Amino acid sequence: MKTRILSGVLLLPLLIFVVVSGGIWLKAAVGILGLIGMHEFYHAFSRENRGLHMIGYAFAIFYAVFLEQIIHGDNYFNIFVSIFLVVLLIYTVVCYGKTNALEGMTGFFGFFYAFFLLSHVYLIREYTYGKLFVWLAFIAAFGCDTGAYFAGVTFGKHKLVPALSPKKTIEGSIGGILTATLLALAYGLWISRYYVLEGVNILLLCGLTGFFGSFLAQIGDLAASAMKRLTGIKDFGKLIPGHGGVLDRFDSVILTAPAVYYIMIFLIEIKPN
């Protein structure tokens with residue numbers, strides 16, 4: 001536990017720096033974390049298939065470099081995904097015997113799960129008011145994690161999904177959602193006090209992202225546990241002492257960031273900075 005806390009304290013200033021800086025610093029950080037996450041995912045599901053890994057890394061780097069154009073261009077993302085899948089299918093056919101269709105599927109899913117979903121942290125930050133709302137992705141994830149832990153220790157009696165995580169309880173889950181939602185609302189009150197954001201219902205946005213984000217944070221955590229049980233590993237990696245790998249530490253943020261991003265799109269008209 002001490003190692004886990006120490007690692008978190010040491011990494012917090014770096015996280016704050018890259019998120020506050022935004023731009024190329026945040027894009028580079030997200031890109032590096034995404035590639036490491038893909039490596040962890042590929043190592044777990046298709047350890048020896050290096051050709052498949054190279055295809056995934058190449059498309060991930062292309063996506064990172066041209067992220068704005070792919071996301072905001074007309075049908076560019078659809079074209080990108082289509083070409084990516086076709087290349088994977090060609091590889092599966094040409095290298096049949098050395099690979100298989102299941103590994104081909106993991107090639108795309110590894111990018112989508114570890115890279116694309118995480119890239120929403122950058123997408124939030126680079127949009128109007130993103131420098132304020134990007135923190136909601138972390139408030140929902142880490143607030144839920146902290147609240148669930150203490151609520152579970154104090155009140156936990158009924159197991160949530162014992163087959164995946166024996167220590168998680170329904171009481172802890174509810175405590176995590178309540179904690180994250182209240183923290184998000186408190187953050188919204190702070191924003192309202194110091195900033196004037198035209199056309200934005202700040203408390204509604206923060207409340208929704210806190211509630212749905214914390215729910216998805218737990219899904220992300222349990223989904224990662226399901227993957228690790230399937231592949232027979234304890235952690236995806238050992239990069240962060242006390243936490244494991246990138247996917248172990250950011251399994252919640254991987255789902256809270258898209259939640260924040262799409263709730264913002266639904267509630268307000270967002271334009272790139």
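Structure remark: mean-square fluctuation, Gaussian network model of the chain, C-alpha springs under 10 Å; the largest value among Ile139, Ile177, Ile16 belongs to Ile16.
Summary of packing: across the peptides 203-212, 244-253, 90-99, the per-residue average of other C-beta atoms within 10 Å ranks them, highest first, as 244-253, 203-212, 90-99. Legend: ranking of residues Arg47, Arg229, Arg125 from fewest to most surrounding C-beta atoms inside 10 Å; resulting order Arg47, Arg229, Arg125. Rg/Rh, computed from the Cα trace of the stretch 1-128 with Rh as the Kirkwood radius, has the value 1.04. Neighbour counts of C-beta atoms inside 10 Å place Asp145, Asp221 in the sequence Asp145, Asp221, starting with the fewest.
The ellipsoid that matches the Cα gyration tensor of the stretch 2-267 has semi-axes, each √(5λ) in whole angstrom, of 31, 25, 16, with the longest given first.
If you average the alpha carbon positions of the stretch 186-225 and of the stretch 61-110, how far apart do those two centres end up, in angstrom? Cα centres, the stretch 186-225 to the stretch 61-110: 32 Å.
Going from the fewest other Cβ atoms within 10 Å to the most, the residues Tyr129, Tyr42, Tyr195, Tyr149 appear in the order Tyr195, Tyr149, Tyr129, Tyr42. With one equal scatterer per alpha carbon and no solvent term, the Debye-computed log10 I(q)/I(0) for the stretch 103-204 at 0.10, 0.19 1/Å reads -0.42, -0.97. For the chain, the residue among Phe77, Leu160, His53 whose Cα projects farthest onto the positive side of the dipole built from Cβ charges is Leu160.
In the elastic network of the chain, a GNM with C-alpha springs shorter than 10 Å, the most mobile of Leu118, Leu164, Leu185 is Leu164.
Would you mind counting up the charge near Ala137? Only other residues with Cβ under 15 Å from its Cβ, with Lys and Arg at +1 and Asp and Glu at -1. Around Ala137, the surrounding residues sum to -1.
Note on the stretch 2-267: Lys pairs 8 or more places apart or on different chains, Cα atoms under 13 Å apart, count 4. Where only DSSP H runs of four or more residues are counted, the chain gives -24000 deg cm²/dmol as its mean residue ellipticity at 222 nm, each run worth -39500 (n - 2.57). Ile16 sits among other residues whose Cβ lies under 13 Å from its own Cβ, and their net charge, with Lys and Arg +1 and Asp and Glu -1, is +2. Positive contributions from Lys and Arg (+1) and negative ones from Asp and Glu (-1), summed over other residues with Cβ under 15 Å from the Cβ of Pro162, come out at +3.
Read the figures in this text as sums done on the coordinates, not as results from a lab. On a predicted model such as this, the values are computed, not experimentally measured, just so you know. We place every Cβ from the backbone using ideal geometry, glycine too, and count neighbours over all the protein chains shown.
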